Amino acid sequence: MMELAGAIVFLPREGNGRSLMLEDLLFDPAALWLAEALRRAGVERFLVVCHRDDQEEASACFPEGTEFITTGTDDANQRLGAFLHGREGRVAVVTRPVQLLGEEAKALLSGEVYDAAEDWESGVCRIDAAALAAALEEGMDFERALTARADRLTSRGVWFPHAHPIRAGWRLRAECELRARNDAAARLMEEGVRIVDPNSVYVGPRVTVGAGSVLLPGTILRGRTAIGGACEIGPNTMIQDCTIGERCTVNASQLNESTVDAGTKVGPFAYVRPNCHVGRDVKVGDFVELKNSTIGDGTKISHLTYVGDSDVGGHVNFGCGTVTVNYDGITKYRTTIGDNAFIGCNTNLVAPVKIGDGAYTAAGSTITDDVPGDSLAIARSVQVIKKQWAAKRRNRRK
């Protein structure tokens, strides 16, 4: 496989004033799918030509260091030429809205000569950077320079016939999304990931999954999500912009913008909200919600618990029904729980409050004051028993 010196990508606007390349395919713009396919195939430098109002949106789709040129400016050709003069070898040029996925991007870089050399309508070509720069210096506009230099099967440039056009219309969009889904699944399976049903797993272009992991049906992986090896994800799980360590299990849960360390089990029916760091070998069980919290190694939050705005130590046990009461209607406050603490069932921790290392809270307590280490806090009414009260009540009703 040859290496391309760079890629020039045009994001033309359609009649409705929006570029089709900035429309989502699955969860990400078509331009992002294109950029990631070219980057994985070996392209390191990008130049993007787009409308001024599209530049901010487009910049999120291309790697850091991408150069941008505004469509129709006086210095556009000059800046294109400057980009080309800095490249040795060939560049990929994308002039139309197209879907170029993994194997297609690799084929573009392969150096193969195609029969469809005059297929300008394909919108993608591979061309010698110096030849294209020379054409621009001769005063040609960019489209004419391309057709002048790539209209024959020569070593200077060839059109690439295998790019899939992107056009308006829900049927055509659905076709592109199906292609994207299948390509992403194939990429992960080639890297050693087992996908039990590729037809029911949806993976974004920037997602990485380690070898030996299993994706079960209903799994949705979005954004910049990185999952380690030997994990089991799903069924019916959505993870967005998260880093998941090795040997983790995430079952029927949703995780967002957080980090989960190795060996942790999440779910079923857990909800991890942004800015959480869950340590190693932690259990986050059913109907547990975490938000803006750190959870130490070996801690168990087994069920029906809310932990928000909290710093929790290692090997803490949360009883069922624990709530960190973090909000007074105006301000959010933090809760701190030390290592090896034991939080009894149905405990309310009214922040700001600190529970010391090794401390216990009695079941049913509402804790409003700090608890020293190795202490027991009981904050509930004293039990009163009125003997025969129920029998007397029943007799009165008769």
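The values are calculated or read from the model by the stated rules, or taken from the named source; none is laboratory data. Keep in mind the model is a prediction, meaning the values are calculated, not measured. Cβ placement follows ideal geometry from the backbone for every residue including glycine, while neighbour counts extend to all protein chains displayed. All accessible areas refer to the heavy atoms of the entire protein, side chains included, with ligands and DNA or RNA removed. Shrake-Rupley method; radii C 1.70, N 1.55, O 1.52, S 1.80 Å.
When you scan the stretch 222-229, do you find a residue that is touching a helix residue (DSSP H, G or I) at 6+ places or on another chain (Cβ under 6 Å) and either modelled with pLDDT of 95 or more or crowded, with 19+ Cβ neighbours inside 10 Å (or both), even just one?
Start the filter on the stretch 222-229 by keeping residues that are touching a helix residue (DSSP H, G or I) at 6+ places or on another chain (Cβ under 6 Å), which leaves none.
The answer is no, given that none of the residues of the stretch 222-229 is touching a helix residue (DSSP H, G or I) at 6+ places or on another chain (Cβ under 6 Å) and either modelled with pLDDT of 95 or more or crowded, with 19+ Cβ neighbours inside 10 Å (or both).
Filter the stretch 216-237 for residues that are among the small types (Gly, Ala, Ser) and part of a loop (DSSP other than H, G, I, E, B) and give the result.
Hits for the stretch 216-237 are GLY218, GLY223, GLY228, GLY229, ALA230, GLY234.
Pick from the stretch 346-360 the residues that are open to solvent by less than 80 Å² (accessible area, probe 1.4 Å) and not in a loop (DSSP other than H, G, I, E, B): which of them is farthest from ASP311 (Cα to Cα)?
Taking the stretch 346-360 first, the residues open to solvent by less than 80 Å² (accessible area, probe 1.4 Å) are 347-351, 353, 355-356, 358-359.
Those left that are additionally not in a loop (DSSP other than H, G, I, E, B): 348-350, 353, 355.
Working: ASN348: 16, LEU349: 13, VAL350: 14, VAL353: 11, ILE355: 10 Å.
Across the stretch 346-360, the extreme among qualifying residues is ASN348.
For the stretch 316-329, indicate whether the set of residues that are within 21 Å of ALA230 (Cβ to Cβ) and at pLDDT 95 or above is non-empty. If you could, list the steps in order and put the result at the bottom.
Filtering the stretch 316-329 down to residues within 21 Å of ALA230 (Cβ to Cβ) leaves none.
No: the stretch 316-329 contains no residue that is within 21 Å of ALA230 (Cβ to Cβ) and at pLDDT 95 or above.
When you scan the stretch 307-345, how many residues do you find that are surrounded by fewer than 22 Cβ atoms within 10 Å (Cβ to Cβ), part of a strand (DSSP E or B) and not small (Gly, Ala, Ser)?
Within the stretch 307-345, residues that are surrounded by fewer than 22 Cβ atoms within 10 Å (Cβ to Cβ), part of a strand (DSSP E or B) and not small (Gly, Ala, Ser) number 8.
Yes or no: the stretch 150-173 includes at least one residue that is open to solvent by 30 Å² or more (accessible area, probe 1.4 Å), assigned to a helix (DSSP H, G or I) and either at pLDDT 95 or above or small (Gly, Ala, Ser) (or both). If you could, list the steps in order and put the result at the bottom.
Taking the stretch 150-173 first, the residues open to solvent by 30 Å² or more (accessible area, probe 1.4 Å) are 151-156, 161-162, 164-165, 167-173.
Filter again for assigned to a helix (DSSP H, G or I), leaving 170-173.
Restricting the remaining residues to those that are either at pLDDT 95 or above or small (Gly, Ala, Ser) (or both) gives none.
Checked the stretch 150-173: no residue is open to solvent by 30 Å² or more (accessible area, probe 1.4 Å), assigned to a helix (DSSP H, G or I) and either at pLDDT 95 or above or small (Gly, Ala, Ser) (or both).
Is there a residue being closer than 20 Å to ALA92 by Cβ and in contact with a Ser or Thr (Cβ under 7 Å, 6 or more places away or on another chain) anywhere in the stretch 29-37? Reasoning before the result, please.
Taking the stretch 29-37 and keeping what is closer than 20 Å to ALA92 by Cβ, we get 29-37.
With the extra rule that they be in contact with a Ser or Thr (Cβ under 7 Å, 6 or more places away or on another chain), the set shrinks to none.
No, the conditions are met nowhere in the stretch 29-37.
Under 6 Å between Cβ atoms, at least 6 apart or on separate chains: pull out the pairs that start in the stretch 373-387 with a residue that is open to solvent by 100 Å² or more (accessible area, probe 1.4 Å) and end on any residue that is among the hydrophobic types (A, V, I, L, M, F, W, C).
From the stretch 373-387, the pairs are ILE378/ALA362.
So that you can scan it fast, the table gives a plain yes or no per residue for (1) within 9 Å of the chain's Cα centre (by Cα); (2) surrounded by fewer than 17 Cβ atoms within 10 Å (Cβ to Cβ); (3) basic (Lys, Arg):
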{"residue": "ARG206", "(1), (2), (3)": "yes, no, yes"}
{"residue": "SER213", "(1), (2), (3)": "no, no, no"}
{"residue": "GLY218", "(1), (2), (3)": "no, yes, no"}
{"residue": "ASN236", "(1), (2), (3)": "no, no, no"}
{"residue": "CYS242", "(1), (2), (3)": "yes, no, no"}
{"residue": "GLY245", "(1), (2), (3)": "no, no, no"}
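Report, by residue number, each residue of the stretch 26-53 that is at pLDDT 95 or above and more than 25 Å from GLY86 (Cα to Cα).
Selection gives ASP28, PRO29, ALA30, TRP33.
Can you tell me how many residues within the stretch 292-305 are of a type outside the set (A, V, I, L, M) and crowded, with 20+ Cβ neighbours inside 10 Å? Can you show your working first?
Narrowing the stretch 292-305 to residues of a type outside the set (A, V, I, L, M): 292-294, 296-300, 302-303, 305.
Adding the requirement that they be crowded, with 20+ Cβ neighbours inside 10 Å leaves 293, 296, 299, 305.
Of the residues in that region, 4 qualify.
Out of the stretch 292-306, which residues are part of a loop (DSSP other than H, G, I, E, B) and among the polar types (S, T, N, Q)?
ASN292, SER293, THR299
Helices (runs of 4 or more DSSP H) wholly in the stretch 11-112 with at least 1 residues that are open to solvent by less than 50 Å² (accessible area, probe 1.4 Å) and within 24 Å of ARG167 (Cβ to Cβ) - which ones? Working first, answer last.
On the way: elements: 30-41, 55-59, 76-85, 102-109.
Here the list reads 30-41, 55-59, 102-109.
Taking only the stretch 323-352 into account, find how many residues are within 22 Å of GLY298 (Cβ to Cβ) and over 30 Å from the mean Cα position of the chain (by Cα).
Number of matching residues: 11.
Any chance you could count how many residues in the stretch 247-265 are at positive phi and within 18 Å of the chain's Cα centre (by Cα)? Steps first, answer last, please.
If we filter the stretch 247-265 for residues that are at positive phi, which is where we start, we get 247, 252, 257, 263.
Next cut, within 18 Å of the chain's Cα centre (by Cα) only: 252, 257.
Residues meeting the conditions: 2.
May I ask you to list the residues in the stretch 272-291 that are open to solvent by 50 Å² or more (accessible area, probe 1.4 Å), under 15 Å from ASP309 (Cβ atoms) and in a strand (DSSP E or B)?
Selection gives HIS277, GLU289.
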